[in-house]
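Notes to accompany the following structure.
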């Protein structure tokens, strides 16, 4: 299993929300992160949620907590089973392409 993840540069569980955890990774690594909402929308795991007629769907996807999965940054070779949702870019912000107004989401411990 360790060899499968040798291309991983950073990793964090998303139990406090995807955007919140990506902001931690971006800050700790002095990079920007660009998420593509189309890549998330294309993932069949999100189909049922995205089919809901709710203004809250992207808030749930980007900020929902207690999701016990990992978000990671990797070198060019993506580990088997990983789902690409964006890329590391220069800068210091986390941006979501296709979402004009990012919700203020994520659990804050302090």
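The values are calculated or read from the model by the stated rules, or taken from the named source; none is laboratory data. From a predicted model like this one, the values you see are computed outputs, not experimental measurements. A quick note on method: Cβ atoms are made from the backbone with ideal geometry, for glycine too, and the neighbour counts reach across all protein chains shown.
The single condition among (1) in contact with a strand residue (DSSP E or B) (Cβ under 9 Å, 6 or more places away or on another chain); (2) exposed (fewer than 13 other Cβ atoms within 10 Å of the Cβ); (3) in a loop (DSSP other than H, G, I, E, B) that residue 55 does not satisfy is (1). Taken together, the criteria exclude residue 100 from residues that are loosely packed, with under 11 Cβ neighbours inside 10 Å, over 20 Å from residue 43 (Cα atoms) and either at pLDDT 90 or above or in contact with a strand residue (DSSP E or B) (Cβ under 7 Å, 6 or more places away or on another chain) (or both). In segment 3-19, the residue that is farthest from the chain's Cα centre (by Cα) out of those that are over 15 Å from residue 85 (Cα atoms) and part of a helix (DSSP H, G or I) is 3.
Screening residue 38 against (1) over 13 Å from the mean Cα position of the chain (by Cα); (2) at pLDDT 85 or above leaves a single unmet condition, (1). For segment 75-92, residues that are at pLDDT 85 or above and either over 13 Å from the mean Cα position of the chain (by Cα) or over 15 Å from residue 35 (Cβ atoms) (or both) total 4.
Could you say whether any residue in segment 38-52 is touching a strand residue (DSSP E or B) at 6+ places or on another chain (Cβ under 8 Å), surrounded by 13 or more Cβ atoms within 10 Å (Cβ to Cβ) and closer than 15 Å to residue 84 by Cβ? For segment 38-52, residues touching a strand residue (DSSP E or B) at 6+ places or on another chain (Cβ under 8 Å), surrounded by 13 or more Cβ atoms within 10 Å (Cβ to Cβ) and closer than 15 Å to residue 84 by Cβ: present.
Residues checked against (1) surrounded by 15 or more Cβ atoms within 10 Å (Cβ to Cβ); (2) over 18 Å from residue 8 (Cβ atoms); (3) touching a helix residue (DSSP H, G or I) at 6+ places or on another chain (Cβ under 9 Å); (4) at pLDDT 90 or above:
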| position | (1), (2), (3), (4) |
| --- | --- |
| 25 | yes, no, no, yes |
| 28 | no, no, no, yes |
| 62 | yes, yes, yes, no |
| 67 | yes, yes, yes, no |
| 105 | yes, yes, yes, no |
